[in-house]
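Notes follow the structure.
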Amino acid sequence: MKSKSVLFVLLYLCSLITAQASDIRIVTEHLPPYQFVNEGNVTGLSVDIIKALQKITKESTEIEAFPWARAYQLAKTQPNILIMTLSRSVKREQEFHWIGQVASISMHVWRLKHRKDVAPKKLDDLQNYIIGAQLGDHHQESLNKIFNGKGKMSLTSSKAQEIKMLYRERVDLIFGNPKTLLPRVEKEGFDPDMIEPVLEVSEISAPLYLAFSKHTNQGKIEEYIEAFEKLEQEGTLDALRKKWLNNN
């Protein structure tokens, strides 16, 4: 009888460990129209994709919104973290488990319209200007690699600070895509009509993905990849992209 009790306890503990290993945490940042907080609720394209995925996986996980640096740090250091959305770059390729592409975006550098002295014509010209970038984001990582750490960058902890520095002329340029940058500019209380894109930087453009952190339960990763592929094949993802991106 004692051996049966011990076996029961061991099986119970194993089930708890397995359940904990499968539990996930979903983290994100404010990045409209992909994900943003509206009246206390996180909404957007990526959020709708997560909801569709979890209908298939039969889960309901709360989405936690953080400043980018915090969300990214969690995804880089803790297991079972699903981060949305993350630029898929060469540097990050082996650092995450990639679930599926949310959207492809083009990246530009932006200036204040009256700053006609800021006029890069090609990628190498960016070395002549002070560029605002978030610490640890894809743009900073890419520029460091391209210019071997010799570019002039002013690093911030948030996109909001980056935007303020541009409008206060403490930096010459910032990176952005019109779908994501202009709503942020307006949210920070600045006039979007005062800025303009001056150069498309294809070398820094990267698709946005859903991704799991390293050491995430392998079964959970495969489950989400299969669910994502199912939504893609059914046309659900295309319908959601049209809903959120065509009119933004």
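Give the residue that is modelled with the highest pLDDT, with candidates limited to residues of the stretch 149-160 that are over 18 Å from the mean Cα position of the chain (by Cα) and part of a loop (DSSP other than H, G, I, E, B).
Out of the qualifying residues, it is 152.
Just to check your reading of the model, which residue among 146, 131, 81, 105 is more than 30 Å from residue 236 (Cα to Cα), of a type outside the set (Gly, Ala, Ser) and either at pLDDT 90 or above or touching a Ser or Thr at 6+ places or on another chain (Cβ under 7 Å) (or both)?
The match here is 131.
Okay, residues lined up against (1) outside the structural domain of residue 218 (by TED's automatic domain parsing); (2) in a helix (DSSP H, G or I); (3) closer than 24 Å to residue 88 by Cα; (4) modelled with pLDDT of 95 or more:
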residue: 21; (1), (2), (3), (4): no, yes, no, no
residue: 42; (1), (2), (3), (4): no, no, yes, no
residue: 47; (1), (2), (3), (4): no, yes, yes, yes
residue: 50; (1), (2), (3), (4): no, yes, yes, yes
residue: 56; (1), (2), (3), (4): no, yes, no, yes
residue: 69; (1), (2), (3), (4): no, yes, yes, no
residue: 72; (1), (2), (3), (4): no, yes, yes, no
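Only residues that are of a type in the set (A, V, I, L, M) and surrounded by fewer than 20 Cβ atoms within 10 Å (Cβ to Cβ): list them for the stretch 154-182, please.
155, 160, 165, 182
Residue-wise test of (1) out of contact with any Phe, Trp or Tyr (no Cβ under 7 Å at 6 or more places or on another chain); (2) of a type in the set (A, V, I, L, M, F, W, C); (3) more than 27 Å from residue 90 (Cα to Cα).
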site: 122; (1), (2), (3): yes, no, no
site: 126; (1), (2), (3): yes, yes, no
site: 129; (1), (2), (3): yes, no, no
site: 137; (1), (2), (3): no, no, no
site: 140; (1), (2), (3): yes, no, no
site: 146; (1), (2), (3): yes, yes, no
site: 151; (1), (2), (3): yes, no, no
site: 156; (1), (2), (3): yes, no, no
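Could you please find all residues in the stretch 93-136 being of a type in the set (S, T, N, Q) and either part of a loop (DSSP other than H, G, I, E, B) or assigned by TED's automatic domain parsing to the domain that holds residue 50 (or both)?
94, 101, 104, 106
Take the residues in the stretch 74-92 that are in a strand (DSSP E or B) and under 12 Å from the mean Cα position of the chain (by Cα); name whichever of them is farthest from residue 40 (Cα to Cα).
87
Out of all the residues in the stretch 102-143, which are of a type outside the set (A, V, I, L, M, F, W, C), closer than 15 Å to residue 154 by Cβ and surrounded by fewer than 18 Cβ atoms within 10 Å (Cβ to Cβ)?
Those that are of a type outside the set (A, V, I, L, M, F, W, C), closer than 15 Å to residue 154 by Cβ and surrounded by fewer than 18 Cβ atoms within 10 Å (Cβ to Cβ): 127, 128, 136.
Yes/no matrix, rows are residues, columns are (1) loosely packed, with under 15 Cβ neighbours inside 10 Å; (2) at pLDDT 95 or above:
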{"residue": "184", "(1), (2)": "no, no"}
{"residue": "190", "(1), (2)": "no, yes"}
{"residue": "203", "(1), (2)": "yes, no"}
{"residue": "206", "(1), (2)": "no, no"}
{"residue": "213", "(1), (2)": "no, yes"}
{"residue": "226", "(1), (2)": "yes, yes"}
{"residue": "230", "(1), (2)": "yes, yes"}
{"residue": "238", "(1), (2)": "yes, yes"}
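Being without any contact (Cβ under 8 Å) to a residue 40 or more places away in the chain and either over 30 Å from residue 186 (Cα atoms) or in contact with a Gly (Cβ under 8 Å, 6 or more places away or on another chain) (or both) is the filter here; which residues of the stretch 227-248 pass it?
Those that are without any contact (Cβ under 8 Å) to a residue 40 or more places away in the chain and either over 30 Å from residue 186 (Cα atoms) or in contact with a Gly (Cβ under 8 Å, 6 or more places away or on another chain) (or both): 233, 234, 235.
The values are calculated or read from the model by the stated rules, or taken from the named source; none is laboratory data. Since we're looking at a predicted model, the values are computed, not measured. Neighbour counts are summed over all protein chains in view; Cβ atoms, including those assigned to glycine, are modelled from backbone coordinates with ideal geometry.
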